[in-house]
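Before any comments, here is the structure.
The values are calculated or read from the model by the stated rules, or taken from the named source; none is laboratory data. Owing to the predicted nature of the structure, the values given are computational and were not obtained by experimental measurement. Cβ: placed from backbone, ideal geometry, glycine included. Neighbour counts: every protein chain shown.
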Amino acid sequence: MSDDTDIPTLRRILGTTRTIAVVGLSANWYRPSYFAAKYMLDHGYTIIPVNPAYREVLGQPCYPSLRDVPVAIDMVDCFRKSAEIPTLADEAIAVGAKVLWMQLGVISEPARAVAVAAGLEVVMDRCVKIEHARLFGGLNWIGVNTRVVSSKRPRCAPQ
């Protein structure tokens with residue numbers, strides 16, 4: 001089942017989140033995880049790379065796992081296979097994250113159930129960069145149908 005999170009909820013999550021741990025963030029500029037994280041970093045979010053293969057990504061120290069991150073995490077953004085998400089959900093719960101976000105194509109109902117039962121909000125099968133650009137970044141200004149109809153321009157996420 002794909003995600004059914006409504007627009008006001010997505011807007012609230014992106015507007016209140018400040019620190020995003022990106023699990024599976026690659027140091028290769030051509031990977032989706034890299035340009036999604038770079039976009040969010042450029043829009044005022046604190047990005048924490050989580051990948052045991054690197055010491056640093058995007059100028060930020062990289063950690064081998066969520067449990068090694070020394071600061072509070074608002075959102076865990078998962079660029080991993082669906083089969084790995086239940087373990088990441090458990091780690092997100094253990095570190096006190098507020099949101100478990102699964103990228104496009106990543107779907108795990110068991111992880112959703114565990115995370116929701118622990119009080120986390122869950123967004124599944126969506127890209128954080130695309131949703132931010134759609135709701136705050138002006139995609140509609142260049143002619144992309146964002147499926148958001150309003151007579152008022154939305155306020156940008158806090159910087």
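For residue 85, indicate whether it is at pLDDT 95 or above and within 12 Å of the chain's Cα centre (by Cα). Spell out the reasoning first.
Details: at pLDDT 95 or above: yes; within 12 Å of the chain's Cα centre (by Cα): no.
No; evaluated as a whole, the condition is false for this residue.
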Filter the range 8-24 down to the residues that are of a type in the set (Gly, Ala, Ser) and not in a helix (DSSP H, G or I), then identify the one that is farthest from residue 72 (Cα to Cα). 24
Yes or no: the range 56-67 includes at least one residue that is closer than 25 Å to residue 96 by Cβ, exposed (fewer than 13 other Cβ atoms within 10 Å of the Cβ) and touching a Cys at 6+ places or on another chain (Cβ under 6 Å). yes
In the range 105-130, anything touching a residue at least 60 places away in the same chain (Cβ under 8 Å) and touching an Asp or Glu at 6+ places or on another chain (Cβ under 7 Å) is listed as 107, 123, 124, 125, 126, 128
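Test residue 95 against the stated conditions and say whether it is under 13 Å from residue 20 (Cα atoms), over 14 Å from the mean Cα position of the chain (by Cα) and surrounded by fewer than 21 Cβ atoms within 10 Å (Cβ to Cβ).
Working: under 13 Å from residue 20 (Cα atoms): yes; over 14 Å from the mean Cα position of the chain (by Cα): yes; surrounded by fewer than 21 Cβ atoms within 10 Å (Cβ to Cβ): yes.
So residue 95 passes the test.
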Can you tell me which of 36, 27 is surrounded by 15 or more Cβ atoms within 10 Å (Cβ to Cβ), part of a loop (DSSP other than H, G, I, E, B) and in contact with a Phe, Trp or Tyr (Cβ under 9 Å, 6 or more places away or on another chain)? 27
Extreme residue, nearest to residue 79 (Cα to Cα), among residues of the range 25-42 that are of a type in the set (Gly, Ala, Ser) and over 12 Å from the mean Cα position of the chain (by Cα): 26
Failed condition for residue 48, given (1) surrounded by fewer than 19 Cβ atoms within 10 Å (Cβ to Cβ); (2) under 13 Å from the mean Cα position of the chain (by Cα): (1)
Selection count where residues are under 15 Å from residue 131 (Cα atoms), outside any loop (DSSP other than H, G, I, E, B) and of a type in the set (S, T, N, Q), scope the range 82-106: 0
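Using the structure shown, decide if residue 73 is surrounded by 16 or more Cβ atoms within 10 Å (Cβ to Cβ), part of a loop (DSSP other than H, G, I, E, B) and either touching a Gly at 6+ places or on another chain (Cβ under 7 Å) or hydrophobic (A, V, I, L, M, F, W, C) (or both).
Yes; evaluated as a whole, the condition is true for this residue.
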Consider the range 13-24. How many of its residues are modelled with pLDDT of 95 or more, surrounded by fewer than 18 Cβ atoms within 10 Å (Cβ to Cβ) and not β-branched (Val, Ile, Thr)? 1
